[in-house]
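So the structure is just underneath, and the comments pick up after that.
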Amino acid sequence: MKRNSLIIIMIMTIGSVYAQNVDDALRYSQIFYGGTARFISMGSAFTALGGDLSTLSQNPAGIGVFRSSEVTVSPQLFHIKTKANFNGISEDYLYNFNLSQAGVVTNLISRSDQTGLINLNFGYSYNRTNNYNTSVRIEGIQNRSSMADYWADISSGINYRNLGGAAGIAYDAWIIDTITGTGPNYYYGTVFSNYGDNPPSVYG
């Protein structure tokens, strides 16, 4: 009877169970807790050991081992690397100075007694987690093609009187013009052009 009752209870309490997915793997692997130099050098092991203000955000009981008041301020030099490929320029570095951790713990009661309230601490701590503070600007001079070549290519075969859109504006602004001796339907870039009368066929 007990076995049947146990089976019935188990069936009634069946619910959905979900394993970790790729989103969870990304979420759990991307959290980076800042802290004091000692905290970071130990790979956050002080979260379990205590005795470091950096542990307060993850294990508040860790400040229970403090026997005196303490103030900590931990600046951080953050290194950011950006990669981009454009005309031989491939990467750049940025050093970002910020505050990794700051906190204070106040020791209110510290006794050598064996019973009763032996130690009482209050603490406040700030820990930086993931740092996405970055600004990237990529610029360069295109030395192999220009928009003039593109407009000349897409205008090929169209009478200049019928050009529209950006190509028509480019013609009116003398950025492209008809090629002398070929009629009114073939063009070249007059300025900022590196291909002249032969724009690449990849355009258009």
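If the segment from Asn98 to Val65 were pulled out straight at 0.36 nm per residue, it would be longer than the present Cα-Cα gap by 9.0 nm. Treating the Cα atoms of the range 25-127 as identical point scatterers in vacuum, please give the log10 of the normalised Debye intensity I(q)/I(0) at q = 0.13, 0.21, 0.24 Å⁻¹, two decimals. Here the Debye-derived log intensity ratios amount to -0.59, -1.06, -1.23. When each of Leu163, Leu6, Leu49 is scored by the number of other beta-carbon atoms lying within 10 Å, the sequence from fewest to most is Leu6, Leu49, Leu163. Spacing of the modelled spin labels on Ile8 and Ile138, each 7 Å from Cα toward Cβ, amounts to 6.7 nm. Sequence-distant contacts, meaning Cα pairs under 8 Å at least 6 residues apart, place the relative contact order of the range 25-127 at 26 percent.
Taking other C-beta atoms within 10 angstrom as a stand-in for reagent exposure, Met147, Met10 fall in the order Met10, Met147, fewest first.
Just so you know, all these numbers are worked out from the coordinates, no wet-lab data involved. Note that the structure is predicted; figures quoted are calculated from it, not measured. For neighbour counting, all protein chains shown are included, and Cβ atoms are generated from backbone atoms with ideal geometry for every residue, glycine included.
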